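Visitor: Submitted below is the structure of interest, expressed as C-alpha cells.
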C-alpha cells in the first residue's frame, strides 16, 4: 500500500536525519535553530509512521508471525 502524502513526509524526515548526522554544524544548517539539532526525533517519526502503515493495511497477521518478520 502506498500513500503519497506520507511518502513526502518520510522523505523530509530522511533529509533531516542526514543533515543531523553529517551537516548539522555547517552553514546554513547551523542557523536554523533546533530544527536540525533535533534530527534524532525523525527516527521516532519513522517508528510511528511504520506502525500507522501496518495498522491501516488491514492485514490479518498473527502476533508471533509479526515478530518473526521483524
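Visitor: Using the basic label-point model (7 angstrom from Cα toward the beta carbon), what is the residue 64 to residue 3 distance in nanometres?
Guide: It works out to 3.1 nm between the two label points.
Visitor: Here's another thing I want to ask about it. Quick check on packing: order 38-51, 10-23 by the mean number of other C-beta atoms within 10 Å, highest mean leading.
Guide: With the highest mean Cβ count within 10 Å placed first, the list reads 10-23, 38-51.
Visitor: Measuring from label point to label point, each 7 Å out along Cα→Cβ, what is the residue 14 to residue 54 span in nm?
Guide: It is 2.0 nm.
Each value in this text was obtained by applying a stated rule to the coordinates, not by laboratory testing. Keep in mind it's a predicted model, so treat the numbers as computed, not measured. For neighbour counting, all protein chains shown are included, and Cβ atoms are generated from backbone atoms with ideal geometry for every residue, glycine included.
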